[in-house]
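Colleague: Dropping a structure here in structure tokens format, bear with me for questions.
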Amino acid sequence: MAYETGVATSQQDLLSKLGTFASGNGWTQDEFDTTNKRLSLHKGTIYVQFRWDAVDAISMYHSLGFIGTGTSPGNHTDDSGNGQTAANPLTTGRRVNRIGNGPFTAYYFFTNSSPADYIHVVLEFSPGLFRHVTFGKLVKNGTWTGGEFAGCEFIAASSTGLDNTSHYVLCDGRHDQDNTLPMTIHVEGLPGQTAGTKWGIVWGPSTNLGTDRGGAARNPLIGGLRESFLQAALGWFSANPNNGFVPMFPLQIFRRRLTSPEQWINLGTIPDLRYINIKFVNAADEFTVGGDTWKCFPWVKKTTTANADESGNMGIAIRKT
């Protein structure tokens, strides 16, 4: 596995460094176009594209192939349907938002090919304020086709507290405002899945899922960062590395099957990413469990003042080594 941290002077500098990091760790940089402000990466069957606006946002796109340089993000093979295809600035669709154009306090890149390929990105865009991006392939349960995922964090400006459903946080189970924001996962051959559909979106509602870029319906999935079984059971246990008590749990993805009674089928987990309560942990702290070193970050900001840009003690732990 590999890890890198540093500072970035701008959105372009951040994505340039992400492309270099990915290329140095087994991924292919298909395009880095500073004129049209876009980056494209892939490894195996994982294809993601980014567009930056050099103003306040970075959009994220997810496809099953790359047509070639000069093709705008959102128009590559079997695009999932999320991400603004219109010109900058980026004000709709899946994006990391309200970050400005830098300089940024710090970035953190994590990648591994085991137990599955992924890249996790943490951006400290201002002191103590964070956004998260993740893409890769699930550690899958079963033999269904797919598992490629892509998601990023959107924090609404007008909504206070992380409980609000306007926000979208990685593989979310609570967001219900905008079906163009959620994480998308390539899914084929699931129980009850309509033939010819290829995408699921991870969000709260079971309907109004939107379509992929080709017009095909998308499938209902639900995630584990908010409103999950493990979150309800374990989310309030505070980790304290000083006494060795560090409960963490994986971010799970479920297929939501609208039968009677409704069924939730566990499809797998996001690799090397865990929920952690950071009451006794500070941003970027590290601890070791069973020989693995984990690095911890707030979802947004470790405060509880009912401000939009905060997440209390809710944190994310990423395996570093």
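No value in this document is a laboratory result; all are computed from the given coordinates. Owing to the predicted nature of the structure, the values given are computational and were not obtained by experimental measurement. Here the Cβ is made from the backbone with ideal geometry for all residues, glycine too, and neighbour counts use every protein chain on show.
Colleague: Could you identify the single residue in Arg94, Arg51 that is more than 22 Å from Ile318 (Cβ to Cβ) and among the basic types (Lys, Arg)?
Modeller: Checking each option against the conditions leaves just Arg51.
Colleague: Go through region 169-224 and give me each residue that's in contact with an Asp or Glu (Cβ under 8 Å, 6 or more places away or on another chain), in a strand (DSSP E or B) and not aliphatic (A, V, I, L, M).
Modeller: His186, Trp199, Gly223
Colleague: Report yes if some residue within region 236-245 is in contact (Cβ under 8 Å) with a residue 40 or more places away in the chain and under 20 Å from Gly204 (Cβ atoms); otherwise report no.
Modeller: No: zero hits.
Colleague: Further question on the same structure: With the requirement that a residue be under 18 Å from the mean Cα position of the chain (by Cα), without any contact (Cβ under 8 Å) to a residue 60 or more places away in the chain and assigned to a loop (DSSP other than H, G, I, E, B), what does region 27-52 give you?
Modeller: Correct list: empty.
Colleague: I'm checking my understanding of the structure. Among residues of region 225-241 that are over 11 Å from Lys279 (Cβ atoms) and in contact with a Lys or Arg (Cβ under 8 Å, 6 or more places away or on another chain), which one is surrounded by the most Cβ atoms within 10 Å (Cβ to Cβ)?
Modeller: That would be Arg226.
Colleague: Of all residues in region 121-149 being closer than 10 Å to Pro271 by Cβ and in contact with an Asp or Glu (Cβ under 7 Å, 6 or more places away or on another chain), which is surrounded by the most Cβ atoms within 10 Å (Cβ to Cβ)?
Modeller: If we take residues in region 121-149 being closer than 10 Å to Pro271 by Cβ and in contact with an Asp or Glu (Cβ under 7 Å, 6 or more places away or on another chain), then Gly136 is surrounded by the most Cβ atoms within 10 Å (Cβ to Cβ).
Colleague: Only residues that are of a type outside the set (Gly, Ala, Ser), out of contact with any Lys or Arg (no Cβ under 7 Å at 6 or more places or on another chain) and either surrounded by 16 or more Cβ atoms within 10 Å (Cβ to Cβ) or in contact (Cβ under 8 Å) with a residue 24 or more places away in the chain (or both): list them for region 65-74, please.
Modeller: Phe66, Thr69, Thr71
Colleague: While we're looking at this one, here's another question. Return yes when Gly312 is assigned to a loop (DSSP other than H, G, I, E, B) and either out of contact with any Asp or Glu (no Cβ under 9 Å at 6 or more places or on another chain) or under 25 Å from Thr111 (Cβ atoms) (or both) and no when it is not.
Modeller: It is true that Gly312 is assigned to a loop (DSSP other than H, G, I, E, B) and either out of contact with any Asp or Glu (no Cβ under 9 Å at 6 or more places or on another chain) or under 25 Å from Thr111 (Cβ atoms) (or both).
Colleague: Val55 - would you say it is surrounded by fewer than 23 Cβ atoms within 10 Å (Cβ to Cβ), assigned to a loop (DSSP other than H, G, I, E, B) and hydrophobic (A, V, I, L, M, F, W, C)?
Modeller: Details: surrounded by fewer than 23 Cβ atoms within 10 Å (Cβ to Cβ): yes; assigned to a loop (DSSP other than H, G, I, E, B): yes; hydrophobic (A, V, I, L, M, F, W, C): yes.
Yes.
Colleague: Taking Asp78 as meeting all but one of (1) crowded, with 17+ Cβ neighbours inside 10 Å; (2) under 24 Å from Thr111 (Cα atoms); (3) of a type in the set (D, E, K, R), write down the number of the exception.
Modeller: With (1) crowded, with 17+ Cβ neighbours inside 10 Å; (2) under 24 Å from Thr111 (Cα atoms); (3) of a type in the set (D, E, K, R) applied to Asp78, the lone miss is (2).
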